[in-house]
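Computed from the coordinates by the stated procedures, all read-outs in this text should not be read as laboratory data. The shown structure was predicted, so the numbers you read here are calculated from the model rather than taken from an experiment. Cβ coordinates were reconstructed from backbone atoms using ideal geometry, including for glycine residues, and neighbour counts include every protein chain displayed.
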Amino acid sequence: MKNKYSLLLLFAAFCCMGVQCKEEEPDKIDELAKLPPATSKGRNTFGCLINGKAFPQSSEGYQQKQVYYYNGELFIDYSTQFNAFDVNQAITIRTKQIHSEGTFLIEADSDDDEHFTVITYDELYSSFFFPNFEDRKATITISRLDSINHIISGKFSFKAKAMQGNKEVSVENGRFDFQYQ
């Protein structure tokens, strides 16, 4: 009987060795809290994490958006600006593959029909600059595509590479909720 308890205690200790408390990433949680909520009511909101930092950082300042959807073609260009002339940061998503709600794996091509770009203070990053086509992919999940009320909502993520050098940006936890033209 004593051996059974010892064996059970040893087994429990062995199982507990594999359990680790993983601390939440407080920086990522703080940055995610800066993003607008993921909605699908045409609230004209946009946000994502660029290399773990919220974009846009706040709702203050100039923000410009262009959203177009027609017959499968989705074009989103969202930028923040210091003033009416200087772009601070911008994200562009363009694809011709959105015909319904669902999740789409978009492969960027070289002729401007499918691409994803990020402009930061000092660099242009694009899906075009990856030499390997495997790296030129984005995931877009459309949660609402309402052609009567002209609302498109969803989530996205992708990577982009700088034109020169090996710098990359990772765009994650992206969300948008727009009334489109």
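Ordered by the number of other Cβ atoms lying within 10 Å of each residue's own Cβ, fewest first, Glu114, Glu107 fall into the sequence Glu107, Glu114. Past 26 Å, Cα to Cα: identify those pairs from Lys41/Lys161; Lys41/Lys167; Lys53/Lys137; Lys28/Lys96, in the order given. Exceeds cut-off: Lys41/Lys161; Lys41/Lys167; Lys28/Lys96.
Shape class for segment 25-179: rounded, because the ratio a/c of the largest to smallest gyration tensor axis (alpha-carbon atoms, square roots of eigenvalues) is under 1.5.
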